[in-house]
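Visitor: Submitted below is the structure of interest, expressed as structure tokens.
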Amino acid sequence: ATTLDTGTNDLLATLDSGVLTLTLNRPDARNAMSLPMNQALQEQLAAAEFNPAVRCVVLTGAGKGFCAGGDVKGMAARGDGTVGELTIDQAIHRQRANQRATAGKLFKMPKPTLAALPGAAAGAGLALALACDLRIMASNAILTTAFARVGFPGDYGGSYFMTQLVGSAKARELYFLSDRVAADEALRL
């Protein structure tokens with residue numbers, strides 16, 4: 001296996017026999033998506049798309065979880081309507097670009113993509129898993145849209161991906177109620 005430099009410890013990357021494994025690496029924060037993680041994930045996915053040595057992409061999380069979604073604690077700490085030096089409009093534009101370059105790239109990747117979920121996938125983390133071609137869950141893993149609990153609408157294309165997998169009625173129910181879905185129920189759905 002070859003370890004690739006992602007420029008941050010928040011995302012680990014290895015290439016082994018054509019399999020690019022990208023590991024979200026903030027286990028103390030349940031692998032919540034940081035700006036450095038997002039930027040590194042974008043760069044790794046863009047490079048993988050055209051790298052003939054990469055034949056498939058596996059996205060997973062370090063520790064016991066897959067991804068808690070956005071770093072809500074970090075967002076709350078800022079609380080001033082800006083992201084660093086950006087205005088809210090600039091931050092929204094950046095968020096849309098981030099979504100296209102991560103979940104959008106996973107969905108449109110011309111190579112197989114697989115989400116390996118060692119534990120919980122919530123919010124935007126769930127959307128990243130849904131964007132992949134296949135998902136494998138640990139038996140104790142759970143899925144939740146989580147957005148209703150934090151007062152956000154869904155993002156990262158999750159509502160679209162969910163409707164494609166389980167139908168619009170069930171997707172609405174999952175997004176409106178933010179229920180926790182266990183692995184056996186996810187398989188049934």
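The values are calculated or read from the model by the stated rules, or taken from the named source; none is laboratory data. All values reported here derive from a predicted model rather than from experimental measurement. So basically every Cβ, Gly included, is an ideal-geometry build from the backbone, and we count neighbours across all protein chains shown. Accessible surface areas use protein heavy atoms only, side chains included; no ligands, DNA or RNA. Shrake-Rupley method; radii C 1.70, N 1.55, O 1.52, S 1.80 Å.
Visitor: If I ask for residues that are free of Cβ contacts under 8 Å to residues at least 60 places away in the same chain, within 19 Å of Arg100 (Cα to Cα) and out of contact with any Gly (no Cβ under 7 Å at 6 or more places or on another chain), which ones from region 24-55 would you list?
Guide: Those that are free of Cβ contacts under 8 Å to residues at least 60 places away in the same chain, within 19 Å of Arg100 (Cα to Cα) and out of contact with any Gly (no Cβ under 7 Å at 6 or more places or on another chain): Ser34, Leu35, Pro36, Met37, Gln39, Glu43, Gln44, Ala46, Ala47, Phe50.
Visitor: What residue, among those in region 1-51 that are part of a loop (DSSP other than H, G, I, E, B) and small (Gly, Ala, Ser), is surrounded by the most Cβ atoms within 10 Å (Cβ to Cβ)?
Guide: This residue is Ala32.
Visitor: Also, quick follow-up: For region 84-189, list the strands (runs of 3 or more DSSP E) that sit wholly inside it and hold at least 2 residues that are not β-branched (Val, Ile, Thr); which are they?
Guide: In region 84-189, 113-117, 134-137 are the strands (runs of 3 or more DSSP E) which contain 2 or more residues that are not β-branched (Val, Ile, Thr).
Visitor: Across region 129-177, which residue is surrounded by the most Cβ atoms within 10 Å (Cβ to Cβ) among those that are of a type outside the set (Phe, Trp, Tyr), modelled with pLDDT under 80 and over 30 Å from Pro110 (Cβ atoms)?
Guide: Ala146
Visitor: Which numbered condition trips up Gln99, out of (1) more than 25 Å from Met162 (Cα to Cα); (2) at pLDDT below 90?
Guide: Against the list (1) more than 25 Å from Met162 (Cα to Cα); (2) at pLDDT below 90, Gln99 comes up short only on (1).
Visitor: Only one of these is closer than 21 Å to Glu43 by Cβ and open to solvent by less than 40 Å² (accessible area, probe 1.4 Å): Ala115, Ala121, Ala183. Name it.
Guide: None of the other options fit; the residue is Ala115.
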